[in-house]
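Inspection log for the structure reproduced underneath, given as structure tokens.
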Amino acid sequence: MKIAFVGKGGSGKTTLSSLFIRHLAATGAPVVAIDADINQHLGAALGLEEAEAEALPAMGERLPLIKDYLRGSNPRIASAETMIKTTPPGEGSRLLRVREHNPVYDACARTVELDGGTVRLMVTGPFTDADLGVACYHSKTGAVELCLNHLVDGRDEYVVVDMTAGSDSFASGMFTRFDITFLVAEPTRKGVSVYRQYKEYARDFGVMLKVVGNKVQGQDDLDYLRTEVGDDLLVTVGHSDWVRSMEKGRPPRFEVLENANRHSLRALQSAADATYELRDWERYTRQMVHFHVKNATSWGNARTGADLAAQVDPGFVLGEGMAAAV
């Protein structure tokens, strides 16, 4: 399952995504965790020391390698340099799988040991002073989108992406790359404003959106969220001494996380697992092509000097039954 955590800055989406990743790892499930937020905090939330987190290889800096590998022998792509963040796979493209070893994981992923298991962690890399006035940080998150476009994941496999704050993911088609999106919202007007914006943008694309109420302190907070988001409210999370200790760099064993919060994490997994039967690979591929053509027309063709719409393989549909990459 491909799962996104979104929300406004400060909503707690990174904390909740890290808790969910820990929960999945504790079940023994294979997990790829991706920090796609320009404020790179997921590594620290998973227990890495500051120096370890800063030393993680940035996907944005390894984009040429990613493009070259994913291009494979696809005859519709003249060169890796003509690939952009929305480039879809076609016949001859190499695909990524959660459990395999490949050059992209070798270059960009690091294994993180958790007290309940291990996960592969990948990060886009932070937005730095060198990017100011030179390049938009969306070029960094583009590496994530390109990988998601070429990713084939199956039942009981999980890719969890901590997205950039707010509605920035709508700058491309990345918001359609997930089986389910968990929007973390506080019980405030600002907290639900991002939900309304996300809901409006995603309405026409079949995005499965569920709200996780965070920092809920009582019945009044719960009633407020229920009134504002209705049936999209899946679970709520309240104060956690475990999280407070984790934020101080002293996380207890994950097994002692409060029962109420463990129940919420199980509900998130159940909601994600339920989307497996709803998968529509034809729609997934069609949306991929839609945003690629849109990006090609608006800036990609001019940037690369190529007709990027010609990269689309009209007979190709991504799916689980495809042969492994070679």
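Some observations on this one:
- Residue among ILE21, ILE3, ILE66 that alone is under 20 Å from TRP242 (Cα atoms), open to solvent by less than 10 Å² (accessible area, probe 1.4 Å), outside any loop (DSSP other than H, G, I, E, B) and not hydroxyl-bearing (Ser, Thr, Tyr): ILE21
- Residue within segment 279-288 that is under 24 Å from the mean Cα position of the chain (by Cα) and in a loop (DSSP other than H, G, I, E, B) present: yes
- Qualifying helices (runs of 4 or more DSSP H) (wholly inside segment 146-259; at least 3 residues being at pLDDT below 90 and in contact with a helix residue (DSSP H, G or I) (Cβ under 8 Å, 6 or more places away or on another chain)): 189-202, 241-247
- The single condition among (1) closer than 26 Å to ILE84 by Cβ; (2) surrounded by 13 or more Cβ atoms within 10 Å (Cβ to Cβ) that ASP280 does not meet is (2).
- Some residue of segment 303-313 being at pLDDT 95 or above, of a type outside the set (Ser, Thr, Tyr) and open to solvent by less than 20 Å² (accessible area, probe 1.4 Å): yes
- Residues satisfying the stated conditions in segment 75-125, i.e. in a loop (DSSP other than H, G, I, E, B), in contact with a Gly (Cβ under 7 Å, 6 or more places away or on another chain) and at negative phi: PRO75, ARG76, ILE84, LYS85, THR86, SER93, ARG94, THR124
Residue by residue, here is whether (1) under 13 Å from GLU113 (Cα atoms); (2) at pLDDT 95 or above; (3) of a type in the set (D, E, K, R) holds:
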{"residue": "LYS13", "(1), (2), (3)": "no, no, yes"}
{"residue": "ASN39", "(1), (2), (3)": "no, no, no"}
{"residue": "GLY43", "(1), (2), (3)": "yes, no, no"}
{"residue": "ALA58", "(1), (2), (3)": "no, no, no"}
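- The residues in segment 24-61 that are of a type in the set (S, T, N, Q) and buried (at least 19 other Cβ atoms within 10 Å of the Cβ) can be counted, and the count is 1.
- Selection count where residues are of a type in the set (Ser, Thr, Tyr) and either open to solvent by less than 10 Å² (accessible area, probe 1.4 Å) or assigned to a loop (DSSP other than H, G, I, E, B) (or both), scope segment 6-18: 3
The values are calculated or read from the model by the stated rules, or taken from the named source; none is laboratory data. Nothing here was measured: the structure is a model prediction, and the numbers come from that model. Methodologically, a virtual Cβ is constructed for each residue, glycine included, from the backbone with ideal geometry; neighbour enumeration extends over all protein chains shown. We work out accessible area using only protein heavy atoms, side chains counted, and drop any ligands, DNA or RNA first. Shrake-Rupley method; radii C 1.70, N 1.55, O 1.52, S 1.80 Å.
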